[in-house]
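Some notes on the structure that comes next.
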Amino acid sequence: MTVDEYINRQTPEIHRLLAQIRRLILDASPKIQEKISWGVPFYLYKGHLCYLNPLRTPVAAVDICFLRGYELADERGVLEGRGRRTVKSIIVQADAVNEDLIRELIQDAILLNETSKEKPAVFHKKRE
């Protein structure tokens with residue numbers, strides 16, 4: 001399945017929100033790649049960057065999950081860990097999209113992957 005197919009299968013509200021966030025991510029760098037992994041859209045740039053997780057809430061919302069979230073500066077304090085070891089995320093609701101904040105977080109994640117001497121975390125699917 002492609003990211004386009006994934007987005008097209010969503011409700012109209014989630015479709016619009018995913019498309020908007022996707023555009024912001026892909027506009028951040030022409031070198032960003034996207035693929036479906038673990039059933040959701042993943043974005044890569046010199047390693048894992050982030051993934052988008054649509055939420056089933058009364059208001060259309062998407063969780064933007066940064067794979068190296070704990071390493072991001074997060075100067076505004078908007079990222080939440082929610083008990084995860086490396087991933088931090090921000091929930092974006094359709095009625096309150098802050099494009100400047102999303103751009104800033106994506107640029108920070110890109111910079112982290114460009115400048116870090118450590119290899120970005122790689123997640124492997126469990127063998128069945």
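The values are calculated or read from the model by the stated rules, or taken from the named source; none is laboratory data. Remember, predicted model here, so these are calculated numbers, not experimental data. In this analysis, Cβ positions are derived from the backbone assuming ideal geometry, glycine residues included, and neighbour counts consider all displayed protein chains.
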Name the residues in the range 36-91 that are without any contact (Cβ under 8 Å) to a residue 12 or more places away in the chain, on the phi > 0 side of the Ramachandran plot and of a type outside the set (D, E, K, R), would you? G39, G77, G83
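Only residues that are basic (K, R) and touching a Leu at 6+ places or on another chain (Cβ under 8 Å): list them for the range 1-27, please. Lay out the reasoning, then the answer.
Residues of the range 1-27 that are basic (K, R), as a first pass: 9, 16, 22-23.
The answer is R22, and nothing else.
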E5 passes all but one of (1) touching a helix residue (DSSP H, G or I) at 6+ places or on another chain (Cβ under 9 Å); (2) loosely packed, with under 11 Cβ neighbours inside 10 Å; (3) charged (D, E, K, R); which number fails? (1)
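Could you check how many residues of the range 1-26 are touching a residue at least 40 places away in the same chain (Cβ under 8 Å) and either out of contact with any Lys or Arg (no Cβ under 7 Å at 6 or more places or on another chain) or over 27 Å from L112 (Cα atoms) (or both)? Give the steps one after another, and end with the answer.
Just the residues of the range 1-26 that are touching a residue at least 40 places away in the same chain (Cβ under 8 Å), to begin with: 10-11, 13-14, 16-18, 20-21, 24-25.
Narrowing further to those that are either out of contact with any Lys or Arg (no Cβ under 7 Å at 6 or more places or on another chain) or over 27 Å from L112 (Cα atoms) (or both): 10-11, 13-14, 16-18, 20-21, 25.
Going through the range 1-26 one residue at a time, the tally reaches 10.
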Output the residue which, of all residues in the range 94-128 that are surrounded by fewer than 15 Cβ atoms within 10 Å (Cβ to Cβ) and among the polar types (S, T, N, Q), is modelled with the lowest pLDDT. S116
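Quick check on the range 23-46: of everything there that is assigned to a helix (DSSP H, G or I) and touching a helix residue (DSSP H, G or I) at 6+ places or on another chain (Cβ under 9 Å), which residue is surrounded by the fewest Cβ atoms within 10 Å (Cβ to Cβ)? Outline the logic, then answer.
Within the range 23-46, the subset assigned to a helix (DSSP H, G or I) is 23-28.
Still in the running and touching a helix residue (DSSP H, G or I) at 6+ places or on another chain (Cβ under 9 Å): 24-25, 27-28.
Working: L24: 17, I25: 23, D27: 11, A28: 19.
Filtering the range 23-46 for residues that are assigned to a helix (DSSP H, G or I) and touching a helix residue (DSSP H, G or I) at 6+ places or on another chain (Cβ under 9 Å), the one surrounded by the fewest Cβ atoms within 10 Å (Cβ to Cβ) comes out as D27.
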Filter result (outside any strand (DSSP E or B) and either crowded, with 17+ Cβ neighbours inside 10 Å or among the acidic types (D, E) (or both)) within the range 47-77: G47, A60, L67, R68, G69, E71, D74, E75
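How many residues, within the range 78-93, are assigned to a loop (DSSP other than H, G, I, E, B) and surrounded by fewer than 18 Cβ atoms within 10 Å (Cβ to Cβ)?
Initial filter on the range 78-93 (assigned to a loop (DSSP other than H, G, I, E, B)): 78-79, 81-87.
Retained after the next criterion (residues that are surrounded by fewer than 18 Cβ atoms within 10 Å (Cβ to Cβ)): 78, 81-86.
Matching residues across the range 78-93 total 7.
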